[in-house]
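Engineer: Pasting in a structure now, in structure tokens, and then I'll have a few things to ask.
Bear in mind these aren't lab numbers, they're just calculated from the coordinates by the rules spelled out. Please read all numbers here as calculations on a predicted model, not as lab measurements. Virtual Cβ from ideal backbone geometry, glycine too; neighbours counted across all protein chains shown.
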Amino acid sequence: SAVISQKPSRDICQRGTSLTIQCQVDSQVTMMFWYRQQPGQSLTLIATANQGSEATYESGFVIDKFPISRPNLTFSTLTVSNMSPEDSSIYLCSVASGRRSTDTQYFGPGTRLTVL
Amino acid sequence: QKEVEQNSGPLSVPEGAIASLNCTYSDRGSQSFFWYRQYSGKSPELIMFIYSNGDKEDGRFTAQLNKASQYVSLLIRDSQPSDSATYLCAVKTSGTYKYIFGTGTRLKVLA
């Protein structure tokens with residue numbers, strides 16, 4: 001499985017500011033995903049980031065609030081813009097990897113965001 | 001709306017017992033099924049995946065899939081306190097790359 005790192009691991013931010021989260025993979029992967037996990041909840045997909053194309057956002061998530069970059073096959077960023085306390089959450093990136101390459105997702109360690 | 005349902009628990013079992021975790025899904029077109037373990041404050045870790053009806057064993061873990069009844073389960077034999085975690089069921093529906101996650105079942109193995 002791929003080794004995935006995320007930066008920062010945690011942050012405390014003021015409302016109205018923005019935070020960019022980085023996700024780095026040790027191998028080239030086609031599909032990367034960004035999830036949010038609010039306290040005590042399960043995972044909600046924010047968007048799918050494919051290299052060379054615009055990210056595909058899920059219902060309830062918009063590019064202006066969560067802009068995503070995917071400059072190459074090993075890296076992606078998610079920005080949480082104009083933050084409010086409701087954005088406090090764990091943000092996870094994942095990659096699709098494995099023999100059936102579109103099937104199995106592996107997760108990075110996550111970024112714990114607190115917005116005051 | 002496609003859904004994946006799990007009992008939130010907590011499911012408490014004594015050390016050494018078999019823990020049985022269940023998951024049902026609504027989309028009959030679902031093709032791939034996954035179990036993840038998530039320790040508190042950590043990210044999900046893949047335990048097993050299963051694609052075909054029947055049982056799949058990996059060490060102390062057995063995944064069971066019944067597509068006709070639309071359920072998938074995870075059995076943990078000889079449960080250990082270190083197995084205490086939240087177990088997430090995920091389903092990938094046909095024709096998509098997206099997973100739908102259940103809300104997770106919290107397992108507590110009592111020493």
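Engineer: Among A:ILE46, A:ILE63, which is the only one that is in contact with a strand residue (DSSP E or B) (Cβ under 8 Å, 6 or more places away or on another chain) and over 22 Å from B:LYS92 (Cα atoms)? Let's see the steps before the verdict.
Structural biologist: On the way: A:ILE46 fails: over 22 Å from B:LYS92 (Cα atoms).
Checking each option against the conditions leaves just A:ILE63.
Engineer: Kindly establish whether B:THR62 is surrounded by 13 or more Cβ atoms within 10 Å (Cβ to Cβ) and within 14 Å of chain A (Cβ to nearest Cβ).
Structural biologist: Working: surrounded by 13 or more Cβ atoms within 10 Å (Cβ to Cβ): yes; within 14 Å of chain A (Cβ to nearest Cβ): no.
When the stated conditions are applied, B:THR62 does not pass them.
Engineer: Sort out which residues of the range A:28-47 are surrounded by fewer than 20 Cβ atoms within 10 Å (Cβ to Cβ) and of a type in the set (Ser, Thr, Tyr), and write them in order of number.
Structural biologist: A:THR30, A:THR44
Engineer: Can you tell me which residue among B:ILE100, B:ILE47 is more than 10 Å from chain A (Cβ to nearest Cβ) and assigned to a strand (DSSP E or B)? Can you show your working first?
Structural biologist: On the way: B:ILE100 fails: more than 10 Å from chain A (Cβ to nearest Cβ).
Step by step, each of B:ILE100, B:ILE47 is checked, and only B:ILE47 is more than 10 Å from chain A (Cβ to nearest Cβ) and assigned to a strand (DSSP E or B).
Engineer: Find the strands (runs of 3 or more DSSP E) located wholly in the range A:40-86 whose residues include 3 or more that are more than 11 Å from chain B (Cβ to nearest Cβ), and list them.
Structural biologist: Working: elements: A:43-50, A:68-72, A:75-80.
Because the criterion is at least 3 residues that are more than 11 Å from chain B (Cβ to nearest Cβ), the strands (runs of 3 or more DSSP E) in the range A:40-86 that meet it are A:68-72, A:75-80.
Engineer: Quick one: A:LEU113 ticks every box in (1) under 22 Å from A:PRO8 (Cα atoms); (2) surrounded by fewer than 20 Cβ atoms within 10 Å (Cβ to Cβ) bar one, so which box is it?
Structural biologist: Single failed check for A:LEU113: (2).
Engineer: Further question on the same structure: Identify the single condition in (1) among the small types (Gly, Ala, Ser); (2) in a strand (DSSP E or B); (3) within 14 Å of the chain's Cα centre (by Cα) that B:SER12 does not satisfy, given that it satisfies every other one.
Structural biologist: It fails just one condition, (3).
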